[in-house]
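Contents: one structure, followed by commentary.
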Amino acid sequence: ATSGDAVVSGTDYNATGMVPCSMGNGQPTGNCKYGVIRQGNGSGMVTITKSDGRTRTIYFENGKATGYDESQADRASFRASKEYDLYIVHIGDERYEIPDAVINGG
């Protein structure tokens, strides 16, 4: 990593952990594993492993969540907001709560 950020052994990620997530359809919020690749200045990619084992990558640029890894079969609506130091990301019925420190370190 050019930012001098540490890398988690055996991965390309600068950090890994858990974030609150919900897959919608009335399901309660649970925790999903994540890995983050930081690019500095509030930019990077957070890859979240959903409860079914599939992954979802959310892109950040300059401190804003800007999109996700859309595919032909997956064109869910994307919206994101920031409340204090927490990004709230909605992709279709999915909801992710990503702390600022995931992207910016700290």
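Can you pull out every residue in the range 17-53 that is β-branched (Val, Ile, Thr) and open to solvent by 70 Å² or more (accessible area, probe 1.4 Å)? Can you show your working first?
Start the filter on the range 17-53 by keeping residues that are β-branched (Val, Ile, Thr), which leaves 19, 29, 36-37, 46-49.
Correct list: 29 only.
Need at least 1 residues that are of a type in the set (Lys, Arg) and open to solvent by 20 Å² or more (accessible area, probe 1.4 Å) per element, so show me which strands (runs of 3 or more DSSP E) inside the range 58-106 make the cut, counting only ones lying wholly within it.
On the way: elements: 64-68, 78-83, 86-91, 94-99.
In the range 58-106, 64-68, 78-83, 94-99 are the strands (runs of 3 or more DSSP E) which contain 1 or more residues that are of a type in the set (Lys, Arg) and open to solvent by 20 Å² or more (accessible area, probe 1.4 Å).
Within the range 1-16, restricting attention to residues that are touching a strand residue (DSSP E or B) at 6+ places or on another chain (Cβ under 6 Å) and among the hydrophobic types (A, V, I, L, M, F, W, C), which residue is most open to solvent (accessible area, probe 1.4 Å)?
The residue in question is 8.
Assess whether residue 12 counts as being assigned to a loop (DSSP other than H, G, I, E, B), among the acidic types (Asp, Glu) and closer than 15 Å to residue 102 by Cα.
Answer is yes for this residue.
Name the residues in the range 15-49 that are closer than 14 Å to residue 98 by Cβ and either small (Gly, Ala, Ser) or not in a strand (DSSP E or B) (or both), would you?
Matches in the range 15-49: 15, 17, 22, 29, 35, 42, 43, 44.
Could you identify the single residue in 30, 105, 40 that is at pLDDT below 95 and touching a Ser or Thr at 6+ places or on another chain (Cβ under 6 Å)?
Only one candidate passes the filter, namely 40.
The values are calculated or read from the model by the stated rules, or taken from the named source; none is laboratory data. Since the structure is predicted, the reported quantities are computational estimates derived from the model, not experimental observations. When we count neighbours, we look across all protein chains shown, and the Cβ atoms used for this are built from the backbone with ideal geometry, even at glycine. In case anyone asks, the SASA skips ligands and DNA or RNA and just uses the protein heavy atoms, side chains included. Shrake-Rupley method; radii C 1.70, N 1.55, O 1.52, S 1.80 Å.
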